[in-house]
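Colleague: Starting off with a structure, shown below.
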Amino acid sequence: MNTRMTRADGFTVSELLVATAITLTVTAALLDLVQRGRGSFQAQPERADMHQRLRVAVDALTRDLRMAGAGLQPFAVAPVMPYRVGVRDSDIDLGVFYRADAISVLYVPWGESTVTSHTYHLKNDVATGTFQLMHYDGAATDLPVVDHVVKLQFEYLGDGAARLDPAILQDGPWVPDDPDAVTFDADLLQIRRVRVLLRVQAGLESMRGPAGVLFARGGTSTSVERYLPDLELQFDIAVRNMGLGR
């Protein structure tokens, strides 16, 4: 009986090493793609939320500032004041007549006879990490409108869109000439437009890098692919009830 012996061909060590290296390279590339896709998937809802917060803030400010002065005839009080007014924590009581991050608006709503007060200001509490656009009704209610607002700034424009120097809005002359009335700087009646600067940040710290140009408040992200920079918006609002003839 003749027995034929056949040789079983296999892989050499060098071939196995090459195959392993190729497999590891392809696997690493796939894992990198998955990680990037995961970061993008997490960023999209947060980006949409940032845009929504900007829209809510713009709508609230625009609604009340456009109504400033409605029903106040004559202007016994200033329809627009660059500070907080009301029965609680009024800037007037502290001798403060200008704040870049606060504005108070007075008007009489349609069909009503009572003057309403709306104060918008920035709550900036570093200790608790709270950054909010706040709304104060001049009485007891002081509630947040939008979270993660890291910058709020108001500028005031007069006739021909000329910027009013903050100094002239707080140096007098003071009106009305009534000891029982709340006085205000007469130059506030020159205001025709209000320029607003808003900046919101990502709510997740993992979407924010080091504090700097892109981020007003730093986060924990160490990967550029996961960065979600702050959104900043500047817009003007015409105070339509404070016309040139007023």
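The values are calculated or read from the model by the stated rules, or taken from the named source; none is laboratory data. All figures in this text were calculated on a predicted structure; none of them were measured in a lab. Note that we place each Cβ from the backbone using ideal geometry, even for glycine, and neighbour counts take in every protein chain shown.
Colleague: In region 202-236, which residue that is surrounded by fewer than 13 Cβ atoms within 10 Å (Cβ to Cβ) and polar (S, T, N, Q) is modelled with the lowest pLDDT?
Modeller: Once the filter is applied, the top-ranked residue is 223.
Colleague: OK, next. Output the residues belonging to region 173-190 that are of a type in the set (Asp, Glu) and assigned to a loop (DSSP other than H, G, I, E, B).
Modeller: Step one: list which residues in region 173-190 are of a type in the set (Asp, Glu), which gives 177-178, 180, 185, 187.
The answer is 177, 178, 180.
Colleague: Quick check, is residue 239 within 26 Å of residue 130 (Cα to Cα), modelled with pLDDT under 95, out of contact with any Ser or Thr (no Cβ under 9 Å at 6 or more places or on another chain) and hydrophobic (A, V, I, L, M, F, W, C)?
Modeller: No; evaluated as a whole, the condition is false for this residue.
Colleague: Can you tell me which residues in region 207-232 are assigned to a loop (DSSP other than H, G, I, E, B), farther than 27 Å from residue 58 by Cβ and touching a helix residue (DSSP H, G or I) at 6+ places or on another chain (Cβ under 8 Å)?
Modeller: 220, 221, 223
Colleague: Here is a follow-up. Evaluate region 196-209: report whether one residue or more is over 15 Å from the mean Cα position of the chain (by Cα), over 23 Å from residue 54 (Cβ atoms) and in contact (Cβ under 8 Å) with a residue 60 or more places away in the chain.
Modeller: No, there is no match, as no residue in region 196-209 is over 15 Å from the mean Cα position of the chain (by Cα), over 23 Å from residue 54 (Cβ atoms) and in contact (Cβ under 8 Å) with a residue 60 or more places away in the chain.
Colleague: Residues in region 142-161: is at least one in contact with a His (Cβ under 8 Å, 6 or more places away or on another chain) and without any contact (Cβ under 8 Å) to a residue 12 or more places away in the chain?
Modeller: yes
Colleague: Additional query: If a residue has to be modelled with pLDDT of 95 or more and surrounded by 15 or more Cβ atoms within 10 Å (Cβ to Cβ) to count, how many in region 154-169 make the cut?
Modeller: Qualifying residue count for the region: 8.
Colleague: Given the conditions (1) of a type outside the set (Ser, Thr, Tyr); (2) touching a helix residue (DSSP H, G or I) at 6+ places or on another chain (Cβ under 9 Å); (3) within 30 Å of residue 148 (Cβ to Cβ); (4) buried (at least 18 other Cβ atoms within 10 Å of the Cβ), report the number of the one that residue 188 does not fulfil.
Modeller: Of the numbered conditions (1) of a type outside the set (Ser, Thr, Tyr); (2) touching a helix residue (DSSP H, G or I) at 6+ places or on another chain (Cβ under 9 Å); (3) within 30 Å of residue 148 (Cβ to Cβ); (4) buried (at least 18 other Cβ atoms within 10 Å of the Cβ), the odd one out for residue 188 is (3).
Colleague: Can you find a residue in region 55-69 that is among the small types (Gly, Ala, Ser) and surrounded by fewer than 16 Cβ atoms within 10 Å (Cβ to Cβ)?
Modeller: no
Colleague: Of the residues 141, 128, 116, only one is surrounded by fewer than 18 Cβ atoms within 10 Å (Cβ to Cβ), more than 17 Å from the chain's Cα centre (by Cα) and within 26 Å of residue 243 (Cα to Cα); which?
Modeller: 116
Colleague: I need the full set of residues from region 175-188 which are in contact (Cβ under 8 Å) with a residue 12 or more places away in the chain and over 14 Å from residue 98 (Cα atoms), in order please.
Modeller: Correct list: 176, 181, 182.
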